[in-house]
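The values are calculated or read from the model by the stated rules, or taken from the named source; none is laboratory data. Because the structure is predicted, anything quoted here is derived from the model rather than measured. As a convention, Cβ positions derive from the backbone with ideal geometry for all residues, glycine included, and neighbour counts pool all protein chains shown.
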Amino acid sequence: MLLETGRVVAVETDAVWVETIRKTTCGSCAAQKGCGHGLLNRISEGHRSLIRALPGGINPQDCRVDDEVSISIPEAVILRGSMVVYILPLLLMLASAALGAKLLSTNVDLGSALGAVAGITLGFVLVRLHAHRHRDDKNLQPTLVKVLHHGTEAVRFG
């Protein structure tokens, strides 16, 4: 289970929006400068991200704007999610490029290009549909673990 802390920026009836700040862990890694994650962290250190967190250990209605909260997500979800987001569009692009080349045998390059564009577009549409379908699935989304520190203001949406 991966844990992250962040600040609540909005409270909905069934979830909270949490702002997290990317932190580097490269100081404790053996790879140090030879890894892509380290490069990304050097480029965007302090980059803020918004994450929608579902109820877990606490109810979203118990949170207020500016509360510091802890959210969690199972490690297996990150691996499966990466496969869906990166591999599915890539495989569809390659398969569609091959199919396009076969169908448009008079101009193989044009068929490959059109097939690749159609395949990657279909892949991205399927990823978006998958994300929408599992939007409220607690097994696949970040969940609230606890409130670490209470803020001051209460703003509610939804």
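Values for this structure:
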{"read-out": "Every residue from segment 89-106 that is surrounded by fewer than 17 Cβ atoms within 10 Å (Cβ to Cβ) and under 23 Å from the mean Cα position of the chain (by Cα)", "value": "Leu90, Leu91"}
{"read-out": "Residues (closer than 27 Å to Leu126 by Cβ and not basic (Lys, Arg)) located in segment 52-71", "value": "Ala53, Leu54, Ile71"}
{"read-out": "Sole residue being part of a loop (DSSP other than H, G, I, E, B) and of a type in the set (A, V, I, L, M, F, W, C), chosen from Val77, Val69, Val65", "value": "Val65"}
{"read-out": "Long-range neighbours under 6 Å by Cβ, at least six apart or interchain, first residue outside the structural domain of Leu99 (by TED's automatic domain parsing) and outside any helix (DSSP H, G or I) within segment 113-126, second modelled with pLDDT of 95 or more and of a type in the set (Ser, Thr, Tyr)", "value": "none"}
{"read-out": "Sole exception among (1) within 30 Å of His150 (Cα to Cα); (2) exposed (fewer than 15 other Cβ atoms within 10 Å of the Cβ) for Leu54, by number", "value": "(2)"}
{"read-out": "Any hit, segment 95-109, residues being at pLDDT 90 or above, among the hydrophobic types (A, V, I, L, M, F, W, C) and either touching an Asp or Glu at 6+ places or on another chain (Cβ under 9 Å) or assigned by TED's automatic domain parsing to the domain that holds Thr20 (or both)", "value": "yes"}
{"read-out": "Subset of segment 52-71 (residues that are out of contact with any Gly (no Cβ under 7 Å at 6 or more places or on another chain) and not acidic (Asp, Glu))", "value": "Arg52, Ala53, Leu54, Pro55, Gly56, Gly57, Ile58, Asn59, Pro60, Gln61, Cys63, Ser70"}
{"read-out": "Residue check for Asp109: acidic (Asp, Glu) and over 21 Å from the mean Cα position of the chain (by Cα)", "value": "yes"}
{"read-out": "Among residues of segment 135-152, those that are loosely packed, with under 15 Cβ neighbours inside 10 Å and farther than 14 Å from Val8 by Cβ, counted", "value": "5"}
{"read-out": "Pair list, Cβ under 9 Å, 6 or more apart: segment 84-95 residue under 10 Å from Leu122 (Cβ atoms), other residue polar (S, T, N, Q) and assigned to a helix (DSSP H, G or I)", "value": "Pro89/Thr121; Leu92/Thr121; Met93/Thr121"}
